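K.L.:
My questions will all concern the structure given below.
The values are calculated or read from the model by the stated rules, or taken from the named source; none is laboratory data. All values derive from a computational prediction rather than experimental measurement. When we count neighbours, we look across all protein chains shown, and the Cβ atoms used for this are built from the backbone with ideal geometry, even at glycine.
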């Protein structure tokens, strides 16, 4: 269980219209102003790092590869399409795991299911 400050979040409410703007996702937001607030438990960008890789041998088409970093206090994920990078990583020791899964697309006719 991870207790304490888990970082900021972005909530976006719609009326069911268009998809939210991609810039509203927390990973794309500019949290630089957060560094100046002096919040207990918040680690500023100047004290965070990055982890990167050049890719994986024998990547197979039709599969999605996901890189995960995990520690007792933080988790980070990114899709690897060859070279990959995870920014804004808290200091610490992490377990790096690569997941290979099948990417499947399914078309479902909801009108037939609901009637």
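K.L.:
Quick check on this structure: which one of 90, 37 is under 28 Å from residue 11 (Cα atoms), under 16 Å from the mean Cα position of the chain (by Cα) and at pLDDT 85 or above? Break it down into steps so the answer makes sense when it comes.
P.N.:
On the way: 37 fails: under 16 Å from the mean Cα position of the chain (by Cα).
Sole residue among the options that is under 28 Å from residue 11 (Cα atoms), under 16 Å from the mean Cα position of the chain (by Cα) and at pLDDT 85 or above: 90.
K.L.:
Scan segment 43-86 for residues that are in a helix (DSSP H, G or I) and touching a strand residue (DSSP E or B) at 6+ places or on another chain (Cβ under 9 Å) and report the count. Please lay out each step first, then the result.
P.N.:
The initial filter retains those residues of segment 43-86 that are in a helix (DSSP H, G or I), namely 45-47.
If we keep only those that are touching a strand residue (DSSP E or B) at 6+ places or on another chain (Cβ under 9 Å) as well, we get 45.
Number of matching residues: 1.
K.L.:
Restricting to segment 43-60, name every residue that is at pLDDT below 85 and surrounded by 12 or more Cβ atoms within 10 Å (Cβ to Cβ).
P.N.:
Hits for segment 43-60 are 56, 59.
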